[in-house]
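A.B. asks: Provided herewith is a single structure, encoded as structure tokens, for subsequent inquiry.
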Amino acid sequence: MSYDVHITKAKHWIYSEKNPITVEDIEKVSDLIETFKGVPFQYKDGRLMISGADERVFGLMIEIANRIDARVQGDERNFTSKVWYR
């Protein structure tokens, strides 16, 4: 089973539908998503997600989350930019 990582505006990714990432949010980060076309993001239930991300993708996700006032959260714990940019 692969590990999913989520960009969410909710306190926990399972509640993303209650506080979803909007079309306007996606527009704010469209340049990043376009630059990294090969990253297979999925929009699902109000969040962006990817399975099996590496450190490069974690960094991209953190940058996206920072732009739209969201958080990057794994299936089991939160990730922060301090962990992934060292």
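Please treat every number below as a calculation from the coordinates, not as lab data. Note that the structure is a prediction, hence the values are computed from the model and not measured. Cβ: placed from backbone, ideal geometry, glycine included. Neighbour counts: every protein chain shown.
A.B. asks: Tell me, Leu60, Leu32 in order of fewest to most beta-carbon neighbours within 10 Å? If you can, show how the numbers build up before the last one.
C.D. replies: Numbers: Leu60 22, Leu32 14.
Ascending number of Cβ neighbours within 10 Å: Leu32, Leu60.
A.B. asks: For region 60-68, in order, what is each residue's ³J(HN,Hα) by Karplus, 6.51 cos²θ - 1.76 cosθ + 1.60 with θ = phi - 60°, in whole Hz (x at glycine and Pro)?
C.D. replies: Values, residue by residue: 4, 5, 5, 4, 4, 4, 4, 5, 10 Hz.
A.B. asks: Need the list of aspartates and glutamates near Lys11 for cross-linking: C-alpha distance under 14 angstrom, and skip anything on the same chain fewer than eight residues off.
C.D. replies: Asp69, Asp75, Glu76
A.B. asks: Restricting to Cα pairs below 8 Å that are 6+ residues apart, what does the relative contact order work out to for region 4-84? Please round to a whole percent. It would help to have the intermediate numbers written out before the result.
C.D. replies: Numbers: 110 pairs, mean separation 34.5, N = 81.
Reported as a whole number, the value is 43 percent.
A.B. asks: Further question on the same structure: Treating the beta-carbon of each Lys and Arg as +1 and of each Asp and Glu as -1, no other charges, what is the dipole magnitude of the chain about its Cα centre, to the nearest 20 debye? Mind showing how you got there, number by number?
C.D. replies: Values: 13 positive and 14 negative charges, 57 e Å.
Computed about the Cα centre, the dipole is about 280 debye.
A.B. asks: A further question follows. On a straight-distance basis, which lysines could pair with Lys28 in a cross-link, Cα separation under 20 angstrom, same-chain partners fewer than 8 positions away excluded?
C.D. replies: Lys9, Lys37, Lys44
A.B. asks: Right, here's the next one. So what is the 222 nm mean residue ellipticity for the chain from helices alone, if each DSSP H run of at least 4 adds -39500 (n - 2.57) and you divide by all residues, rounding to the nearest 500 deg cm²/dmol?
C.D. replies: Values: 4 runs with 29 residues, N = 86.
Calculated from helices alone, the mean residue ellipticity at 222 nm is -8500 deg cm²/dmol.
A.B. asks: Next up: How about region 1-38: which trypsin sites (Lys or Arg not before Pro) there are in a DSSP loop, with at most 16 other Cβ atoms within 10 Å of their Cβ?
C.D. replies: On the way: sites: Lys9, Lys11, Lys18, Lys28, Lys37; in loops: Lys9, Lys11, Lys37.
Passing sites in region 1-38 are Lys11, Lys37.
A.B. asks: Taking 0.36 nm per residue of separation and subtracting the Cα-Cα distance, what length does fully extending Glu76 through Glu27 add? Could the numbers behind the result be given before it?
C.D. replies: Numbers: separation 49, 0.36 × 49 = 17.64 nm, distance 2.83 nm.
Net length gain for the segment: 14.8 nm.
A.B. asks: Stretched out fully, how many nm does the piece from Asp45 to Arg67 gain, at 0.36 nm a residue minus the Cα gap? Working shown, then result.
C.D. replies: Values: separation 22, 0.36 × 22 = 7.92 nm, distance 1.98 nm.
Difference between extended and current length: 5.9 nm.
A.B. asks: Another one. Starting from the eigenvalues of the Cα gyration tensor, five times each then square-rooted, give me the equivalent ellipsoid semi-axes of the chain, largest first, whole Å.
C.D. replies: Values: eigenvalues 55, 50, 32 Å².
Values for the chain, descending: 17, 16, 13 Å.
A.B. asks: Going by amide H atoms built from the backbone, whose H comes under 5 Å of the H on Lys44, apart from near neighbours?
C.D. replies: Distant-sequence amide H within range of Lys44: Met49.
A.B. asks: Also, I was wondering about something else. How would Met49, Met61 line up from fewest to most surrounding beta-carbon atoms within 10 angstrom? Kindly include the intermediate steps, with their values, before the conclusion.
C.D. replies: Details: Met49 21, Met61 27.
Fewest to most other Cβ atoms nearby, the residues stand as Met49, Met61.
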